[in-house]
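Derivation of every value follows stated rules applied to the coordinates shown; laboratory data play no part. As the structure is a computational prediction, the values presented were derived from the model and not from experiment. Heads up, the Cβs are rebuilt from the backbone with ideal geometry, glycines too, and the neighbour counts pull from every protein chain shown.
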Amino acid sequence: MIVGIKVVDKNGNKLSFLRAFARNVGKTISALILYIGFLLILFSDYRQGLHDLMAKTFVVRK
């Protein structure tokens, strides 16, 4: 909220509990594989990390 971003699904809606949980699991997997999942943000068209691709979410500005 402080930086003016939010995480939404592909339709722009708030995340469900299950989708948010899947995103957090994806963050753990990204961290376990030497943060390569986070580096994917640099090369992705929509600036999505592995955790966002897995959960089908986007980070957008408010």
## Note on the structure
For the stretch 1-36, the count of residues that are under 22 Å from ARG61 (Cβ atoms), not polar (S, T, N, Q) and not in a helix (DSSP H, G or I) equals 13
## Note on the structure
Per the filter on the stretch 20-51, residues of a type in the set (D, E, K, R), out of contact with any helix residue (DSSP H, G or I) (no Cβ under 7 Å at 6 or more places or on another chain) and surrounded by 12 or more Cβ atoms within 10 Å (Cβ to Cβ) are none
### Task
For the stretch 48-58, indicate whether the set of residues that are out of contact with any Lys or Arg (no Cβ under 8 Å at 6 or more places or on another chain) and among the aliphatic types (A, V, I, L, M) is non-empty.
yes
### Message
Which residue is farthest from PHE17 (Cα to Cα), if the candidates are limited to the stretch 37-62 and must be part of a strand (DSSP E or B) and either of a type outside the set (Lys, Arg) or in contact with a Leu (Cβ under 6 Å, 6 or more places away or on another chain) (or both)?
### Response
VAL60
### Query
When the stretch 10-19 is examined, which residues are found to be loosely packed, with under 15 Cβ neighbours inside 10 Å and not basic (Lys, Arg)?
ASN11, GLY12, ASN13, SER16, PHE17, LEU18
### Query
Could we say that ALA55 is more than 10 Å from the chain's Cα centre (by Cα), surrounded by 13 or more Cβ atoms within 10 Å (Cβ to Cβ), of a type in the set (Gly, Ala, Ser) and more than 18 Å from VAL3 (Cβ to Cβ) here?
no
### Output for the stretch 14-62, where each listed residue is hydroxyl-bearing (Ser, Thr, Tyr) and touching a His at 6+ places or on another chain (Cβ under 9 Å)
THR28, SER30, THR57
